[in-house]
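Bear in mind that the values in this text are calculations on the coordinates, not laboratory data. Please read all numbers here as calculations on a predicted model, not as lab measurements. With ideal geometry, Cβ positions are generated from the backbone for all residues, glycine too; neighbour counts draw on all protein chains shown.
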Amino acid sequence: MVVSFSIKNIIDLNHKINIMRFSKIQVIATMQETGIVPVFYNANVGIAKNVVKACYEGGIRAFEFTNRGDFAHEVFGELVKFAAKECPDMIMGVGSIVDASTAALYIQLGANFIVGPLFNPDIAKIANRRLVPYTPGCGSVSEVGFAQEAGCDICKVFPGDVLGAAFVKGLKAPMPWSNIMVTGGVKPEEENLKAWFKAGATCVGMGSNLFPADLIKSGDWAGITKLCKDTIDIVKKIRK
């Protein structure tokens, strides 16, 4: 029996096997353009959806959901489906990934980028095979170099509050081609952000400081939207 496939059949099949919604180039360009990547985790799917939507309305277009709780992958799977419908231009990625099998799981669930607190070459192989950006945590110039050799286009300087802006500036001097995302100690304040971007950061990852506990507890999603918008405006001002 001969089976024919229409364009619609192929598109439907692609969605079923989790072909990435955004290309590697799109992901990297978006991180560079907005300059802010929210870092967030909550076990409550409803809260997580509201946070993603609030960030989206505030101008965020790349969102890192961290793998930090029991059944976090199940929450992420629901978020990916939600974002595809309610926030069509939001690029969903996953953070706190330390091993290749977990990276593969999240890629299959629709993660468009992988972030980790450390550099694991095995994760780079998995990500490269699927053309998914992998941003590993690096704490030395050598680690950044090894990560770049493994195909990592953006490296995460972590923990940022320990290494400091001087580390980013020092690294960029002999390696000006480096794209750096700083995470840890980043605050939605002009003085703090100016230090990172003037040192040469490509973008920053921001967690609890972008999601104050009182706003989450009270369900003040409009407050989070405003915080995201104000932070993006600060970055634009600094970059001028």
Under 5 Å from the placed amide H of ILE36, counting only residues 5+ away or on other chains, we find VAL204
Spelling it out for CYS138: with amide H atoms placed in the peptide plane at 1.01 Å from N, the residues 5 or more places away or on another chain with amide H under 5 Å from its amide H are LYS156, VAL157, PHE158
In the neighbourhood of TRP177 defined by beta carbon distances under 14 Å, the net charge of the other residues (Lys, Arg +1; Asp, Glu -1) is -1
From the cross-link list LYS169/LYS237; LYS24/LYS229; LYS172/LYS237; LYS24/LYS156; LYS53/LYS217, the entries with a Cα-Cα span beyond 28 Å are none
Once Lys and Arg are counted +1 and Asp and Glu -1 for all other residues with Cβ under 14 Å from that of VAL235, the total becomes +3
With +1 on the Cβ of every Lys and Arg and -1 on the Cβ of every Asp and Glu, the dipole magnitude of the chain about its Cα centre, in debye rounded to the nearest 20, is 560
Note on segment 49-108: C-alpha Rg/Rh, Kirkwood Rh, two decimals, gives 0.97
So, for the Cα atoms of the chain, Rg and Dmax in Å stand at 17.8, 68
Here the relative contact order (percent) of the chain, from C-alpha pairs under 8 Å and at least 6 apart, is 20
Diffing segment 231-240: the Karplus 3J(HN,Hα) column from phi (6.51, -1.76, 1.60, θ = phi - 60°), in whole Hz with x for Gly and Pro, holds 5, 4, 5, 5, 4, 4, 5, 5, 6, 5
Other residues with Cβ under 13 Å from the Cβ of LYS187 give, with Lys and Arg +1 and Asp and Glu -1, a net charge of -4
Phi angles of segment 64-73, converted by Karplus (6.51 cos²θ - 1.76 cosθ + 1.60, θ = phi - 60°) into ³J(HN,Hα) in whole Hz with x for Gly and Pro, give 9, 9, 8, 8, 10, x, 4, 6, 4, 5
For segment 34-39, Karplus-derived ³J(HN,Hα) couplings (6.51, -1.76, 1.60; θ = phi - 60°; whole Hz; x for glycine and proline) come out as 7, x, 10, 10, x, 10
Sorted on mean Cβ neighbours within 10 Å (highest first), peptides 69-77, 46-54 come out as 46-54, 69-77
Note: probe point = Cα of ALA222 + 7 Å toward Cβ; backbone nitrogen < 18 Å; residues of segment 52-69 passing the test are 52-59
